[in-house]
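Q: Structure below; questions to follow.
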2 protein chains.
Amino acid sequence: MKVTFQIEGGTPVIMECNAGDNLLEVARRANVAIDAPCSGNGSCGKCRVQLVEGELESLQSRHLTDEEYAAGWRLSCSSKVMGDCTVFVPDIASAYQSRMKTADLSSPQEVAIFQECQEQLHASGIQFENPFRAVQLKLPVPSLEDTMPDNERLTRALQDALNVEQVEIPFTVMVRLAHVLRQEEFAVCVKGMLIPQGFRCMEICPYEDTALVGCAIDIGTTTVTMVMADLANGTILAKGSSGNGQIRYGADVINRIIEQGRPGGRKKLQDAIIKETLTPIMASLCKSAGISARSILRLSVGANTTMNHLFVGVDAASVRMEPYVPSFFSWEGLLAGDLKLPANPLAPVIIAPNIGSYVGGDITAGTLASGIWDKDEMSLFIDLGTNGEIVFGNRDFLMSCACSAGPAFEGGDISCGMRATDGAVEACVIDGETMEPALSIVGEADQRPVGICGSGIIDIISELFRTGIINAKGLFVREGKRVKRDDHGMARYVLAWPEESETEREISINEVDIDNFIRAKGAIFSAIDTLLKSVDMSVDMIDRVYVAGGIGSGINMKNAVNIGMFPDVDLEKFHYIGNSSLSGAYAMVMSDPATEKTTQVAANMTYLELSTYPGYMDSFVAACFLPHTDARLFPNSSRS
Amino acid sequence: MKVTFQIEGGTPVIMECNAGDNLLEVARRANVAIDAPCSGNGSCGKCRVQLVEGELESLQSRHLTDEEYAAGWRLSCSSKVMGDCTVFVPDIASAYQSRMKTADLSSPQEVAIFQECQEQLHASGIQFENPFRAVQLKLPVPSLEDTMPDNERLTRALQDALNVEQVEIPFTVMVRLAHVLRQEEFAVCVKGMLIPQGFRCMEICPYEDTALVGCAIDIGTTTVTMVMADLANGTILAKGSSGNGQIRYGADVINRIIEQGRPGGRKKLQDAIIKETLTPIMASLCKSAGISARSILRLSVGANTTMNHLFVGVDAASVRMEPYVPSFFSWEGLLAGDLKLPANPLAPVIIAPNIGSYVGGDITAGTLASGIWDKDEMSLFIDLGTNGEIVFGNRDFLMSCACSAGPAFEGGDISCGMRATDGAVEACVIDGETMEPALSIVGEADQRPVGICGSGIIDIISELFRTGIINAKGLFVREGKRVKRDDHGMARYVLAWPEESETEREISINEVDIDNFIRAKGAIFSAIDTLLKSVDMSVDMIDRVYVAGGIGSGINMKNAVNIGMFPDVDLEKFHYIGNSSLSGAYAMVMSDPATEKTTQVAANMTYLELSTYPGYMDSFVAACFLPHTDARLFPNSSRS
């Protein structure tokens, strides 16, 4: 039998399957991207599709109302195909394919933050030096008097031009040498890198083609962001981003580690990131920059420990199993050709070093970019993503830890949650008297709301708390037009009535959502708290707070403090530094000193494993209130 | 329409084609091996097949009698497919697939020659030292107290075991590391090589698997021969040979260079040697030696300049075009993975260096094996193959040149010629009185003759000359029962009547055959003569003659001198040294000093390009007699 997927705004896809096959699995086999942050265990309710025709055997779900069920809505993870059928896949279900709105250098503001970060690095003494060179050569043409073979001819010319002894001409260059030399009549440009022994050729091109390109990549659990830059002067040639194609195997690293452990799983996860995600972005960036993939001579990757393992195709099982020993922290000698990335096959791939199972290269690269390693001041560096990672310290010491914030900041675990794409409520103010909300929505001016993204949730909860609509436990304590209760007595706050929303479904936030979110923000705060305590320090000793990550730019810091997510320090101490993993990766691809510094930063960073750290659980429980059980920690938290 | 090939002793192969397609081309597409030494231009007459059923449009050919044509025999190169048809492919047409009888170490005599050669190298101070090591390790098992990642754990252990600083763990090892360590409970054997900076891991295996294997390959234009040996002690683990699969694109290097220049040709020729020829032999040798392909840690190749280019997939066009500048003489840093050879992908592939367009690595490796570079005596080294290469000199100087002997020594250009497989007349004595021949035939005792191989042709011509049946020009001057003439007056000598032969066709040698052969032997002698003259030396200054090559073992040296092919020196000065290219390649794979010495020998060897050398043509013309126009050069040549 077969399933026809009618994809909103796309072409239909037809897939063969057997009776009883799970619909989500069939969609995955067909490469139909259905969002399933919970990896298909029925808990998130995001994978809804609408049965148009045919037969599915589906479980009822708390995520679907009776009306929705009657209208054919089903959770694909909880549906079995029982006959030929046609299902409608709404755009929201495949939302991760849309471009993320934040931290991909798409706005002038972000570019400014990115460039300021690079200037700071220069100021800290990190010069942009790298070993890549394009050497233009006009070789003597062979004759009966000069019968030197091609490779010796090239070697001699490079020895002279670069004043080096040894010249390596690797296989990929050798096989093209005879052909290119003759086609270009012996006037060529050789691209390559200086090595301790001399020079390694990486590419032989027409004389005028001197492009030397570096590619920096931030591989987030949710989003992948990339810049290509001129290795000679740092000019950004192209930039882009997309969702991480692995997301269909689970929204968080744990689900993906489980998935990669299944037969063929490692290859599947690696293909999802390399073939399905990075390759198309790289191809499109090469096209827009007008360069060939072979001109990409170095890549750098900022990614967490699990993403790094899945990227290189190394078993990640031990990352999450006691004694939490990953296969590698740092990796020397990896080449683009090893991974079949669309770049020069000899291009080194720098992996920003991991320092623990849950503090990876995105954090070491981000720490480099933050500049905190060069300051006397005590700085807190917070990277908010699917996981939250914290670094604290200064030029003398650096401590780090990670906490599982869960997908709440990216709209998971929240009934109307979504990522920060068109239609997301990204900010909110609630009138304390009328309890009416004023919403900011991602997208065009006339965009109607679709759901709520991370920054919107922070605002809404902060405002509900400030206006006394909910109490410190996140329970509703005021009644009003916008506060509704269901049959079981669970209350919710309605942000948009069905007729106001894009999807004609009510957009609201309920007590379960708030509880989920409070646990997420509690995880962040208690991680900060525990890290500080581990070095006998407290909140008032923090001189600066650097906030990084895709969610970061949209955050209202005051509201984040108000709900007890960030420590209650002077708001002027907060600095948003954008996608610090990408900034660090960019610095590393451009600059050998930056790479060395990152290695040094990683070597000096202490990793605190929170899950086994005494006191962390107590701290977490205490943080699961608004703003905190110990209100003295948040003197500025406002509440009507 | 389709062609069914009924292969003698094989399973039928069916191939689709279009009306008018050339039958030989269809056979090639179907991977049906039909021998076509002339590359399909109709001149050699070897590609005969028999039409069983259906329709071919064929040209008549001097290679087919009227009776044969009537019986359905056709030259496949001169036939077009005009409808569905079935053709019979006789075993002789696919003879190159059979194992060559000589110089593949299949006889105890050859093994003894091979081993004597290695002992001579030892005696010359070439020690068998190489950097390959198998390190057995029992690593500490990770715990919460010892959370070092896998690669650091391995690095530390190797640093201790080998007392080195740097340990390289390349991609192919890294991706297997986590899995193998845990599967083997952290007791493993690491195979790799010492490098100047430390140690490069190449493979991680179970603790007990310590095999370190080297693979030496002689890639001849006609035949490929291989030995696998233990890198730790030199023991031969397996050996084998087969025809070079490229032969269907032409018997000589010129035709193959033309073929590789056609669209897709380079890949086609490379696939023919790597995928179709080397891969199956290597797989079979690994199986018989009981080792995995990944245990092959180094390879070495002795091959002529063209074979080397086609092997690595580099355009060989310039090898045969003025100014004869090949793409490379030597090649550093080639790896088995570059060529997708079934070996450890990191295994270095040593290519014995070429020194000119027509003096290649088979000769430099062979020169190493001959030991002439270490002697005071003046030595002549002759490698007889499809091309003939000559080296002359001693420890002070080495001169070399090549001549195109053509395929005559391998049975090409000779009407009843064949390679030295079952049924080949390999030796012959003719009674001076009765003119009756006594034949030695390759194969079982009751083997009936099929054709004549190179050593047989030498004997037959020498005997015809000695008994006065032919004159110095190769023309028949005695009449008798076995001397026949055709309608045009061309004479031939019948070695076997139709009823005596395996194929029921007469086996004879005619005046055109003799003329072709005289030109081949003339090319060899005049090359020797010119080379000697170029250094102002003469035949009487030769102390030793080393004869190498597949054809060599069977040669009756006295007869070869008698017809003026080899110089007339004391027969005791002749030494057959077997497949010297393979002997040299074996020494190189086993021993770094051998590789260094070969590089040095190549650097010191002068290449004489005969085609542009003044006097060579005169010398060639003078040598195209039996034994020579200047009979004083051959005082011992016997003639009745």
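Q: Mind grabbing the interface size between A and B? I mean buried accessible area, both sides, 1.4 Å probe, in Å² to the nearest hundred. Working shown, then result.
A: Working: alone 25620 and 25700 Å², together 48520 Å².
So the buried area, both faces added, is about 2800 Å².
Q: Find the relative contact order for segment A:362-479 and round it to a whole percent, using C-alpha pairs within less than 8 Å whose residues are 6+ positions apart. The partial results should precede the final answer.
A: On the way: 215 pairs, mean separation 19.8, N = 118.
Relative contact order for segment A:362-479 comes out at 17 percent.
Q: Just want the answer: with Cβ charges of +1 for Lys and Arg and -1 for Asp and Glu, which residue in B:328, B:69, B:189 is farthest toward the dipole's positive end in chain B?
A: Working it through, the farthest residue towards the positive pole turns out to be B:328.
Q: May I pose another question? Kindly work out what percent of the DSSP beta bridges joining two residues of the protein assembly as shown are antiparallel, to the nearest 5.
A: Working: 142 of 207 bridges.
Given both bridge residues lie in the protein assembly as shown, the antiparallel proportion sits at roughly 70 percent.
Q: Assigning unit charges at the beta carbon (Lys, Arg +1; Asp, Glu -1) and nothing else, what dipole magnitude in debye, to the nearest 20, does chain A show about its Cα centre? Show your work: numbers first, answer last.
A: On the way: 53 positive and 81 negative charges, 167 e Å.
The calculation lands at about 800 debye.
Q: Taking 7 Å along the Cα-to-C-beta vector as the label spot, tell me the residue A:446-residue B:14 distance in nanometres, rounded to one decimal.
A: Roughly 6.6 nm, to one decimal.
Q: Quote the FRET efficiency, to the nearest 0.05, computed for residue A:84 versus residue A:138 with a Förster distance R0 of 60 Å and r equal to the Cβ-Cβ distance.
A: Working: r = 67 Å, r/R0 = 1.12.
About 0.35, to the nearest 0.05.
Q: What FRET efficiency would be calculated for the residue pair residue A:497, residue A:375, taking the C-beta separation as r and a Förster radius of 60 Å, to the nearest 0.05?
A: Numbers: r = 50 Å, r/R0 = 0.83.
Approximately 0.75, to the nearest 0.05.
Q: Okay, moving on. Relative to the longest principal axis of the C-alpha atoms of chain A, give the angle of the C-alpha long axis of helix A:279-289, reported between 0 and 90° and rounded to the nearest 10°.
A: With rounding to tens, the tilt is 60 degrees.
Q: Find, among the GluC sites (Glu not before Pro) in segment A:470-539, those assigned to loop by DSSP (not H, G, I, E, B) with at most 14 other beta-carbon atoms within 10 angstrom.
A: Here the GluC sites (Glu not before Pro) that fit, given the DSSP loop and packing criteria, are A:479, A:504.
Q: Continuing with the same structure: Select from A:263, A:308, A:373 the residue farthest towards the positive end of the dipole of chain A; place +1 on Cβ of Lys and Arg, -1 on Cβ of Asp and Glu, and compute about the Cα centre.
A: Ranked along the dipole, the leading option is A:263.
Q: What's the extension gain from residue A:43 to residue A:60 if we count 0.36 nm per residue and subtract their Cα-Cα distance? Write down the numbers at each step before the final one.
A: Values: separation 17, 0.36 × 17 = 6.12 nm, distance 1.22 nm.
Result for the pair: 4.9 nm of gain on full extension.
Q: What are the nm distances, shortest first, from residue B:159 to its equivalents in the other copies, labels at 7 Å along Cα→Cβ?
A: Here the equivalent label points are 3.6 nm apart from this one.
Q: Here's another thing I want to ask about it. Which angle between 0 and 90 degrees, to the nearest 10, do you get for helix A:171-183 versus the longest principal axis of chain A when only C-alpha atoms count?
A: Helix A:171-183 and the main axis of chain A meet at about 60 degrees.
Q: Measuring with a 1.4 Å probe in the full set of protein chains, what accessible area per residue, in whole Å², belongs to segment B:126-181?
A: Working: 2700 Å² over 56 residues.
Here the residues of segment B:126-181 average 48 Å² of exposed surface.
Q: If you place +1 on the Cβ of every Lys and Arg, -1 on the Cβ of every Asp and Glu, and leave all else neutral, what size is the dipole of segment A:400-515 about its Cα centre, to the nearest 20 Debye? Display every interim value, and only then the final one.
A: On the way: 11 positive and 22 negative charges, 86 e Å.
It comes to approximately 420 debye.
Q: Then there's this: How many nanometers, to one decimal and shortest first, lie between the label point of residue A:187 and those of its other copies, if labels sit 7 Å from Cα toward Cβ?
A: Nearest to farthest, the other copies are at 6.7 nm.
Q: Run through segment B:113-175 and list the GluC sites (Glu not before Pro) located in a DSSP loop whose Cβ has at most 16 other Cβ atoms within 10 Å. Kindly include the intermediate steps, with their values, before the conclusion.
A: Numbers: sites: B:116, B:119, B:129, B:145, B:152, B:165, B:168; in loops: B:129, B:145, B:165.
Answer by residue number: B:129, B:145, B:165.
Q: To the nearest 10 degrees, how steep is helix B:150-162 against the longest Cα principal axis of chain B, on a 0 to 90 scale?
A: 80
Q: From the cross-link list B:46/B:521; A:375/A:533; B:191/B:287; A:2/A:268; A:267/B:267; A:268/B:239, which pairs have alpha carbons spaced over 31 Å apart?
A: Values: B:46/B:521 22 Å; A:375/A:533 21 Å; B:191/B:287 20 Å; A:2/A:268 23 Å; A:267/B:267 28 Å; A:268/B:239 40 Å.
In this structure, A:268/B:239 lie more than 31 Å apart at Cα.
Q: Sticking with this one: Which percent, nearest 5, of DSSP beta bridges in chain B are antiparallel? Walk me through the intermediate numbers first.
A: Working: 71 of 103 bridges.
Antiparallel bridges make up about 70 percent of those DSSP assigns within chain B.
Q: Additional query: Could you give, in nm with one decimal, how far residue B:323 is from each other copy of that position, shortest first, with labels 7 Å out from Cα toward Cβ?
A: 6.6
Q: A further question follows. Would you work out the charge dipole size for segment B:33-76 about its Cα centre, treating the Cβ of every Lys and Arg as +1 and the Cβ of every Asp and Glu as -1, and quote it to the nearest 20 debye? Could you put the intermediate results ahead of the total?
A: Numbers: 4 positive and 7 negative charges, 51 e Å.
The dipole of segment B:33-76 has a size of about 240 debye.
Q: Here's something else I'd like to know. On full extension of the chain, what length is gained from residue B:53 through residue B:558, given 0.36 nm per residue of separation minus the C-alpha to C-alpha distance? Could the numbers behind the result be given before it?
A: On the way: separation 505, 0.36 × 505 = 181.80 nm, distance 4.96 nm.
176.8 nm is the gain from fully extending residue B:53 to residue B:558.
Q: Any idea which of B:157, B:217, B:207 is furthest toward the positive side of the dipole for segment B:152-231, if Lys and Arg beta-carbons carry +1 and Asp and Glu beta-carbons -1?
A: B:157
Q: Calculate the FRET efficiency for residue B:148 and residue B:194 from the Cβ-Cβ distance with a Förster distance of 22 Å, rounded to the nearest 0.05. Walk me through the numbers on the way to the answer.
A: Values: r = 24 Å, r/R0 = 1.09.
Approximately 0.35, to the nearest 0.05.
Q: Oh, and also: Calculate for chain A the 222 nm mean residue ellipticity that helices alone would give, adding -39,500 (n - 2.57) per DSSP H run of length 4 or more and normalising by residue count, nearest 500 deg cm²/dmol.
A: Details: 17 runs with 179 residues, N = 640.
Theoretical 222 nm ellipticity from helices: -8500 deg cm²/dmol.
Q: Between residue B:611 and residue B:471, what is the label-to-label distance in nm when each label sits 7 Å out along the Cα-to-Cβ direction?
A: Placing both labels 7 Å beyond Cα along the Cβ direction yields 3.5 nm.
Q: Read phi for every residue in segment A:436-448 and hand back ³J(HN,Hα) as whole Hz from Karplus 6.51 cos²θ - 1.76 cosθ + 1.60, θ = phi - 60°, with x for Gly and Pro.
A: 7, x, 10, 9, 9, 10, 5, x, 4, 4, 9, 5, 8
Q: Points 7 angstrom from Cα along the Cβ direction at residue A:116 and residue A:166: gap in nanometres?
A: Distance between label points: 4.6 nm.
The values are calculated or read from the model by the stated rules, or taken from the named source; none is laboratory data. What you see is a predicted model, and the numbers here were worked out from it, not measured in a lab. Glycine gets a Cβ as well: all are built from the backbone with ideal geometry, and neighbour counts include every protein chain shown. Ligands, DNA and RNA are excluded from the accessible area calculation, which covers all protein heavy atoms including side chains. Shrake-Rupley method; radii C 1.70, N 1.55, O 1.52, S 1.80 Å.
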